[in-house]
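Presented below is the structure to which this report refers.
Any read-out appearing in this document is the output of simple, stated calculations on the displayed coordinates, not a laboratory observation. Just so we're clear, the structure is a prediction, and the values are computed from it rather than from any experiment. All Cβ positions, even for glycine, are placed from backbone atoms using ideal geometry, and neighbour counts span all protein chains on display.
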Amino acid sequence: MINYIQNLPVIVRTSFLLILSNMFMTFAWYGHLKNLSDKKWYIAAFISWGIALFEYLLQVPANRIGYTELNLSQLKILQEIITLSLFVPFAVFYMRQPFKMDYVWAALCLLGAVYFIFRS
């Protein structure tokens with residue numbers, strides 16, 4: 001199994017770890033607004049830090065793996081695409097926020113960023 005994972009392209013391994021990392025990050029940053037709104041802010045902060053630990057345990061290896069073939073700008077844009085791709089469903093389905101066309105415009109801007117960062 002480990003050999004299979006190591007044989008996957010770097011961008012696939014990096015993206016997979018960044019997706020998992022961003023799932024933890026999104027809950028650490030925003031989940032407390034729904035789940036802990038009746039608690040003191042420092043309780044929410046400690047719980048968020050605990051969740052963020054798992055984010056970093058995935059994000060650091062993801063960036064180290066990715067940096068073997070991608071440059072720093074490419075890693076950052078990849079992370080931003082993943083963040084927006086996860087944040088929109090989180091906001092709409094979990095936090096019950098209305099879908100806005102601004103999400104579409106932001107995604108189009110990020111596609112432009114992908115083009116410029118990955119074209120060379």
**OP:** Could you check residue 76 against (1) in contact with a Pro (Cβ under 9 Å, 6 or more places away or on another chain); (2) within 22 Å of residue 29 (Cβ to Cβ) and say which number it fails?
**Re:** (1)
**OP:** Please specify each residue of the stretch 75-118 satisfying the condition of being among the hydrophobic types (A, V, I, L, M, F, W, C), under 16 Å from the mean Cα position of the chain (by Cα) and closer than 21 Å to residue 62 by Cα.
**Re:** 75, 77, 78, 81, 82, 84, 86, 87, 110, 114
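Okay, residues lined up against (1) of a type outside the set (Lys, Arg); (2) out of contact with any strand residue (DSSP E or B) (no Cβ under 7 Å at 6 or more places or on another chain); (3) touching a residue at least 12 places away in the same chain (Cβ under 8 Å); (4) within 16 Å of residue 82 (Cα to Cα):
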position: 17; (1), (2), (3), (4): yes, yes, yes, yes
position: 22; (1), (2), (3), (4): yes, yes, yes, yes
position: 32; (1), (2), (3), (4): yes, yes, yes, no
position: 38; (1), (2), (3), (4): yes, yes, no, no
position: 51; (1), (2), (3), (4): yes, yes, yes, no
position: 60; (1), (2), (3), (4): yes, yes, no, yes
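Sort out which residues of the stretch 85-120 are in a loop (DSSP other than H, G, I, E, B) and closer than 17 Å to residue 22 by Cβ, and write them in order of number.
Going through the stretch 85-120, the residues in a loop (DSSP other than H, G, I, E, B) turn out to be 95-100, 119-120.
95 - this is the single residue of the stretch 85-120 that is in a loop (DSSP other than H, G, I, E, B) and closer than 17 Å to residue 22 by Cβ.
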